[in-house]
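The values are calculated or read from the model by the stated rules, or taken from the named source; none is laboratory data. Just so it is clear, the structure is predicted and the values come from calculations on it, not from any experiment. Here the Cβ positions follow ideal geometry from the backbone for every residue, glycine too, while neighbour counts run over all protein chains shown.
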């Protein structure tokens, strides 16, 4: 058994082992060459490690229901880590880490990434990758930093945001699977039947798990309920865990004719949904923006009369802590002629700025050219 008050390498290794074992419970095999796997495992490890230090418990004695409470969102993870580990809130360019491996990993988890960085050749080890570039005078130069730290990536591979923001929800799913397996609960897409309540007798599929969060004790209870996709009811329903039993029929149910759950294909003779007009598309863009007046009435009329609307995500980027800012630039271009002719378009550039990946209230600006959009981002960064 690990030392209840151990810290440093010994305790960190114990946390990594336990987090790796947890991933296996959910049939999520650990791959050290995948950014996603490393991020998920190390977020769980960070929470285990900080609870170990804060509560003075052995790593193996920390309850998963306490870990899951902290994994509710990345803000809780950050609050826990910053309250337990001294110095983690210093700039990323500072090298001091007090010899603590967890501090080094936290800086990896909270750093931003360049989605346009070069990919390191998979058959070339990191050491040789550092020496593949030569300067004008033939001097060996360090190669640019590889994309995603040289790892492969599948989750949000266009996002520059820190791993702790992108993958905390995935880490929570891993811990949910551990608790569910231990208590005999149901997993997503598992077949169930309702034994009591207004939906008694119906069958369906589990879509999500519900938990009761005790903020006083900082633990969760559950699964307390499930979001179930019932066969004969539109949408999904929240069903108490005590009202469900496992069902063993594996066939896809016969949906009611005309239901949105009807599995039959749409008849070829049925009309397609009405196509949104360019005026309606533009109105949606204007509603999101804090500077809609930058699109003049003349330009609005031109767009309203356009034939088709296209949009293209041009760029994603982020600047690191302590002054976090993430941005996304989308080009909306409106085709003015039925057949595309070069130059016959009207453009609006949408710039979305966030201080956090999950920021519910992003600031959205409109620009009329790409240089103007880049200037808006630069101006926002100067005032941070």
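General observations
Every residue, every condition in (1) surrounded by 17 or more Cβ atoms within 10 Å (Cβ to Cβ); (2) under 30 Å from residue 306 (Cβ atoms); (3) touching a strand residue (DSSP E or B) at 6+ places or on another chain (Cβ under 9 Å), yes or no:
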| site | (1), (2), (3) |
| --- | --- |
| 318 | yes, no, yes |
| 323 | no, no, no |
| 326 | yes, no, yes |
| 338 | no, yes, yes |
| 342 | no, yes, no |
| 348 | yes, yes, yes |
| 353 | yes, yes, yes |
| 360 | no, no, no |
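- Residue within the range 304-316 that is without any contact (Cβ under 8 Å) to a residue 12 or more places away in the chain, surrounded by fewer than 16 Cβ atoms within 10 Å (Cβ to Cβ) and in a loop (DSSP other than H, G, I, E, B) present: no
- So residue 12, is it out of contact with any strand residue (DSSP E or B) (no Cβ under 6 Å at 6 or more places or on another chain) and part of a helix (DSSP H, G or I): yes
- Any hit, the range 95-105, residues being modelled with pLDDT of 85 or more, within 30 Å of residue 207 (Cβ to Cβ), surrounded by 19 or more Cβ atoms within 10 Å (Cβ to Cβ) and out of contact with any strand residue (DSSP E or B) (no Cβ under 9 Å at 6 or more places or on another chain): no
- Just so you know, in the range 187-199 the residues that are assigned to a loop (DSSP other than H, G, I, E, B) and touching a residue at least 40 places away in the same chain (Cβ under 8 Å) include one that is nearest to residue 232 (Cα to Cα), and it is 199.
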